[in-house]
Amino acid sequence: MLSPLTETGIFHIERLQLNRPQLVAQRLRKKREAEAECTYAALLRRFTELERELAKALAELERLQDKS
């Protein structure tokens, strides 16, 4: 929901009906989508880091087994 900061803001929000349910729902949906994209990107970065760590650990394990 939009909150006006000035008298002009009050006028425009009321005149353009910027807080009507459809627009509020759309803004909330877009906000959730943006948050989901950020979460996905963070998880993807973490997954990539873990893949690298696993590859290093497997390489070290193989190296140690070859020494035996």
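Only the coordinates and a few stated rules stand behind these numbers; no lab work does. Just so we're clear, the structure is a prediction, and the values are computed from it rather than from any experiment. Neighbour counts are summed over all protein chains in view; Cβ atoms, including those assigned to glycine, are modelled from backbone coordinates with ideal geometry.
Remarks
- Positive-pole candidate from 57, 8, 43, dipole of the range 7-67, charges at beta carbon: 8
- For the pair residue 5 and residue 27 in one chain, pulling the backbone fully straight at 0.36 nm per residue adds 6.1 nm over the alpha carbon distance.
- 19 Å Cα-Cα reach of residue 67 towards lysines, excluding residues that sit fewer than 8 places from it in its own chain: 56
- For Kirkwood radius over Cα pairs in Å, calculated from these coordinates, the label among (1) 12.4; (2) 16.4; (3) 15.9: (2)
- GNM top mover of 44, 23, 54 - the chain, alpha-carbon springs below 10 Å: 54
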